[in-house]
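Undergrad: Here's a structure for you.
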Amino acid sequence: MKTAMKVYIVDNEVFYVESLCELLKSVDFIDVVGNAWDTTAALLELSYAAPDILISDIRVPSKEDGYKFMTAAKSKIPELKIIAITHEPYFSLLSDGEAIGWNGLIHKADMSKETLEDACRTVCRNGEFNSESIQEYFLKINGKQAKFPFSKYERQIIPDLYKGASNREIAEKFHVSPETVKDRVSNILEICNLKSRKQLAAFLLRNNLIDPNLI
């Protein structure tokens, strides 16, 4: 008999934690080893619960709190796999995931027993999992960006550039140097045939390279 995957669940909505526990209870290869409604309690329990997978809402209660919690959890257990969940259309989180180090992203509208099973299996095999609606959006954006040959790393900073983040802020988010960000911004401007960052936001909107309603 194979060892069950140990899962820990965090969400500040009690009923949602209970519903996730109920969904996973009948999955024979998953053992829910704990749950919490706040990140302080969760961090205290993670060490002795020793989960393989952390399933956590991004907003606990705010996005900033969720990011700090996931980063701290990963620091505490480096081999931990993280599946982030959200009910809001923050699809720029696809790039945030690379900065923070989560392994999967599930929109709550896609939540089901089957989705959770697939996500847990995928991340435990060192894969990356995005739920259906997030995959659809990602494909849509990639299709629009196809005529502009941005690299993976250039694509991931586009939402931050649109929001007006500085090179230093982007560098801190993605754990690279400001000089690296400067080079990537220069490449983006060259590909778009633009002379300055001030022109970039309008260009992205005009060419449907970003949807401001989904950031």
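The values are calculated or read from the model by the stated rules, or taken from the named source; none is laboratory data. Because the structure is a prediction, the values reported are computed rather than measured. Every residue, glycine as well, gets a Cβ built from its backbone with ideal geometry; the counts of neighbours run over all protein chains shown.
Undergrad: Mind listing just one residue for me: the one in the stretch 80-101 that is at pLDDT below 95 and assigned to a loop (DSSP other than H, G, I, E, B) and, of those, surrounded by the fewest Cβ atoms within 10 Å (Cβ to Cβ)?
TA: Among those that are at pLDDT below 95 and assigned to a loop (DSSP other than H, G, I, E, B), it is 88.
Undergrad: Follow-up question, since we're still on this one. Working only within the stretch 11-41, note down all residues that are of a type in the set (S, T, N, Q) and in contact with a helix residue (DSSP H, G or I) (Cβ under 6 Å, 6 or more places away or on another chain).
TA: Hits for the stretch 11-41 are 35, 39.
Undergrad: Let me ask another. Against the condition over 21 Å from residue 173 (Cα atoms) and not aromatic (Phe, Trp, Tyr), how does residue 71 come out, does it pass?
TA: On the way: over 21 Å from residue 173 (Cα atoms): no; not aromatic (Phe, Trp, Tyr): yes.
Taking the combined requirement at face value, the residue does not satisfy it.
Undergrad: Related question: Quick test of your reading of the structure: residue 140 fulfils all but one of (1) at pLDDT below 80; (2) loosely packed, with under 12 Cβ neighbours inside 10 Å; (3) among the basic types (Lys, Arg). Name the failing condition by number.
TA: Among (1) at pLDDT below 80; (2) loosely packed, with under 12 Cβ neighbours inside 10 Å; (3) among the basic types (Lys, Arg), residue 140 violates only (2).
Undergrad: Restricting the stretch 107-134 to residues that are at pLDDT below 90 and polar (S, T, N, Q), which is surrounded by the most Cβ atoms within 10 Å (Cβ to Cβ)?
TA: It comes out as 131.
Undergrad: Please list, ordered by first then second residue, the pairs with beta carbon atoms under 6 Å, 6 or more apart or interchain, first in the stretch 57-72 and under 12 Å from residue 11 (Cβ atoms), second part of a helix (DSSP H, G or I).
TA: Between residues of the stretch 57-72 that are under 12 Å from residue 11 (Cβ atoms) and residues that are part of a helix (DSSP H, G or I), the close pairs are 58/66; 59/66; 60/39; 60/66; 69/39.
Undergrad: State yes or no: is residue 198 surrounded by fewer than 14 Cβ atoms within 10 Å (Cβ to Cβ) and either of a type in the set (Asp, Glu) or modelled with pLDDT of 80 or more (or both)?
TA: It is true that residue 198 is surrounded by fewer than 14 Cβ atoms within 10 Å (Cβ to Cβ) and either of a type in the set (Asp, Glu) or modelled with pLDDT of 80 or more (or both).
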